[in-house]
Each structure stands twice: as C-alpha cells, then as structure tokens.
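> Have a look at this one before I ask anything.
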Amino acid sequence: MLDAQSRINLGGFQQNSDTGKRIHGLVGWDKIIAESMALYNHGAPHHFRLASTTAQEVQMWMLEGIAGGIAPWWHIVSGYQEDSRMFHPVEPVYRWHKANEEFLFKRMPVATVGVVWSEDNTNYYGRDEASLLVDLPMRGITQALVRARIPYIPLNADHIDRDAAQLSLLILPNIGVLTEDQIASIRRFVKKGGGLIATGESSLYNKFGNRRRDYALGDLFGTHLVTRPEISSRASLRSWASSSHHTYLRLTPELRRNVDSPKNGTEPIVTGGRHPVLRGFDETDILAFGGLLGPLRTDTGAQVLATFIPEFPTHPPEMAWMRVPKTDIPGLILNTTSEGSRIAYMPADLDRQFANRNLPDHGNLLANLVRWASSDDIPLAVEGVGLVDCNMYHQPGRLILHIANLTSAGTWRKPTDELIPIGPISVRIKLTKDVKGGNLNLLVAGQKIAAVVKEGWSQFKISSIRNHEVIVIT
C-alpha cells in the first residue's frame, strides 16, 4: 500500500508511473500495489481537505499510476462531504480499469534503459541534502527520457545482476555511493557489452559515504580526479550542487566559422564534424550550463566533447562577455571499452540542471547520450506534438503500450482543469518473437486498428489522445 497521494509541480504526473515501476522492481511484478490517492486539494502550503480537487487532476494521477502498474485506491476525510464534486472523478476510471484488468496485471515491463537508484546513496551521500544531491539528478534524467519518449525502468543498484539482462544501458544519475558489490555488477554489465552513462560524482564514495581518492569507475569513464579528496566537505558539496552560476559549456569541434552568422575574425578553423551525441547543435558552439566544474584528467582515447567556460557577469548587460572563453576542463567525456561498450561520463551535472531549469538543450543532449550509449537499442519510437509518457509491457502473445498525454493547461502547476487533446501520433514498436504485431486494440477509444509490420517492427497511427490511450498489440 503506497501513500503517494498526488503530484508535485516539479515532478509532474509522470512521477506516479515512476513510483509504480520502482516499487514493482523491488517486490516483483506479480504483486498488487495499491495507492491511496487524494480526492481533495492536496498540496503545499495547505491541504484543503474538505474541498474537491479537479476531476482532471485526480484522474491523470490515477492513470499515470496505472501506467506504472499501480492499482488505484482513493481516500477522503470523512464519508460525508458538502463538496460532492469529490466523488465524481473516480467512477469512470474505475469502470475502465475493471473492464481492462486482464491487461493491467501479470505483465512485465519492456525497456532497454535502466536508471539506477539506491537507498544507500540517499542515506550516505544525500544525507540531509538528499533532494538536492539525489532526487534532482534522478528527476532530470527521467524527465529527459519521458520527453524523448524512451521507455525506462528504475533499477535498484543491488539488483543489476538480477534484472539487467534485457537492458542495453545503465544510467547513474549522480549515484555518489556505490558499494564494492554494486561496482562489480556494473563492471559485469559493461563487460557483456552494455552501455553506461554516469553524471556528477557517481562512484566517488564508498558504502558509508566516505570519499574515495578517485572514481571507482574511473577507468570506464576514462576520467580521474587530479586533486586530493580531503579538500572536499559537505559544505562545498552543498555549494556545488545548490548554487546557480552564469557558466557555459563549449562544444567541440567549434563550427561557427562555417555558420551563417556575424563574424569578428576570431572564429577557429573547423577541424571536422561533430559526434552524433551533439546532433541538433550545429548552429551553436556553446550551451548554457549553470553549474561549476574543476580540473580532471582524461585517459588517452577518451573524447572530450564539451569543456567548461567559467562564470562571468550578467549585469549590467554591457559586462556580459566571457573573461575566459575557453578552458581544458572537461564537461562531457566519451569512452569505448575493448568489448565495444559505450561509456559517457558527464561531470557537468546537466541532469540536475535540467530538473531545475527545464532548458530544452539539456534535455536534448541527455536524450542524445542515451541513444548513443545504448547503440540506438530503443524498442519504441513515438512522433507527434505534445508531452507524453510511454510505458511498455509484455504478456504472453501480446505487447501493451500506455501513452499518457501530459499536455494540459496545468502541465507544470497543479491542479490541471483542462485537458488538451493531441494527435495524430505515429508509433513504431519493436516486436517480440511471440507477437505478430498486425492487430491493435485501443482500450480507451474502443477501436480496433491495423498496423504495418516491417522488419520486426509494428507501425501505426493514433488519431487523437485526450488523457491516455492503451494499445494492445497482438
């Protein structure tokens, strides 16, 4: 029984599907997980316990929970309510849930990306700053995946050996604390050809939260510390993670000499094309950052794709020019192992920055990294306007795809009171051996549609989605 009653603005409705996947990952997908969902106005600074929230708000929270494998429960304070609107949102969701229960339980998630989390990391690295050091990086990564329509599963660091067989990529969003056993599990995954993305201070602390002399996974990152760890303190760690700075990242190679834009004669000669990770940034040589970086040493063979531009004034506007336009301090390093595994290490904490700032450049770069490090082994492609959360499952003989439409009048501020339909949505889904993929049943629209099956993929189009759609592919 979960006590996750409603969303926070920063997390969005997708927080509930993430919660369902995370808890199922611990206790198993054969278990029933119910969640107490508030029908009243629930949230800071006050709970208006006797006033109904909007139907759209509570229904979207329920539907995203269902998409993550949660069985909906609801609660109110007292059986008698003067605001009778409180009772109405539940019935249509429950009727739909009852009619489609066979597709909502006894199923396994389909994803190739695992986002690693650890309670030890929260307790021994995050400590009294867990929301800053642990939660924000995780939220930034998962939001980038949702935004890119890339299915993922939250994966406990103790269960990598057990649960990572279907995965092509592990992501460590500032997982500072890793035990020796967890490190060994990550190494085994990479040894088998799996990709790895790590950010911030991942692997820099032992199981008790004591700082190591170097990254435990530094050889995989192709990156190492050059300063003594004793200079670090909780105060400096907090300052690094919490402060907002006027800093940038410089992309390499620089391309502005060949871009149609004003020139001042200092543009460097273009030395070659850019790595696929930087796709979409051809018209800029810099990205807004906002954090701080220190010197690091990179191994021979590691590629540095972005370097740090130190802080300079923003006010008055006439002073907003780079005092140090270029450094050799790395912000993004790529490495490839002898087994062909693709490794991306990002000391620039763009996961945390994306959670805080919601800059599209940060989300796009994180999504590019995922596609590259996974060798494009993503079993789903969804095209169309809007913010949607996609969760895939498998039952014998069929695939099940939940698409939640998160685009609304209150996407980032609760409560939402108006849903904005989106569509058409084009979908390509990779088929499993037991699924032919030609027949589709839309459980919300109540329609059967046909798909085109080509080279192991099922392709189809959904004309419109109001709040959510669940597609059963057989």
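The values are calculated or read from the model by the stated rules, or taken from the named source; none is laboratory data. All figures in this text were calculated on a predicted structure; none of them were measured in a lab. Here the Cβ positions follow ideal geometry from the backbone for every residue, glycine too, while neighbour counts run over all protein chains shown.
> Please state which of the following conditions ILE186 fails to meet, knowing it meets all the rest: (1) surrounded by fewer than 22 Cβ atoms within 10 Å (Cβ to Cβ); (2) more than 16 Å from the chain's Cα centre (by Cα).
Of (1) surrounded by fewer than 22 Cβ atoms within 10 Å (Cβ to Cβ); (2) more than 16 Å from the chain's Cα centre (by Cα), only one is false for ILE186: (1).
> Another question, then. Only one of these conditions is not met by VAL77: (1) modelled with pLDDT of 95 or more; (2) out of contact with any helix residue (DSSP H, G or I) (no Cβ under 7 Å at 6 or more places or on another chain). Which number is it?
For VAL77, the failing item is (1).
> For GLU129, are the conditions met, namely being without any contact (Cβ under 8 Å) to a residue 60 or more places away in the chain, over 26 Å from ALA367 (Cβ atoms) and charged (D, E, K, R)?
No.
> Among the numbered conditions (1) in a strand (DSSP E or B); (2) in contact with a Pro (Cβ under 6 Å, 6 or more places away or on another chain), tell me where VAL427 comes up short.
Of everything listed in (1) in a strand (DSSP E or B); (2) in contact with a Pro (Cβ under 6 Å, 6 or more places away or on another chain), VAL427 misses just condition (2).
> For segment 18-39, which positions are in a strand (DSSP E or B) and under 22 Å from THR407 (Cα atoms)?
If the condition is that a residue be in a strand (DSSP E or B) and under 22 Å from THR407 (Cα atoms), then MET37, ALA38 are the ones that fit.
> Same structure again: Pairs needed: first member in segment 343-367, farther than 20 Å from GLY126 by Cβ; second member anywhere, charged (D, E, K, R) and part of a helix (DSSP H, G or I); C-beta distance under 6 Å; at least 6 residues apart or different chains.
The qualifying pairs are GLY363/ARG147.
> Inside segment 54-153, counting only helices (runs of 4 or more DSSP H) that do not spill past its ends, which hold 1 or more residues that are more than 23 Å from the chain's Cα centre (by Cα)?
Filter on segment 54-153 gives 55-67, 90-99.
> Is there any pair with a first residue in segment 103-124 that is acidic (Asp, Glu) and a second that is assigned to a strand (DSSP E or B) whose Cβ atoms are under 6 Å apart and which are 6 or more apart or on different chains, and what are they?
Here the result reads ASP120/VAL177, each pair linking segment 103-124 to a residue that is assigned to a strand (DSSP E or B).
> Are any residues in segment 451-470 over 12 Å from SER426 (Cα atoms) and in contact (Cβ under 8 Å) with a residue 40 or more places away in the chain, and if so, which ones?
ARG466, ASN467, HIS468, GLU469, VAL470, listed by residue number.
> Can LYS448 be described as without any contact (Cβ under 8 Å) to a residue 40 or more places away in the chain, in a loop (DSSP other than H, G, I, E, B) and surrounded by fewer than 13 Cβ atoms within 10 Å (Cβ to Cβ)?
On the way: without any contact (Cβ under 8 Å) to a residue 40 or more places away in the chain: yes; in a loop (DSSP other than H, G, I, E, B): no; surrounded by fewer than 13 Cβ atoms within 10 Å (Cβ to Cβ): yes.
When the stated conditions are applied, LYS448 does not pass them.
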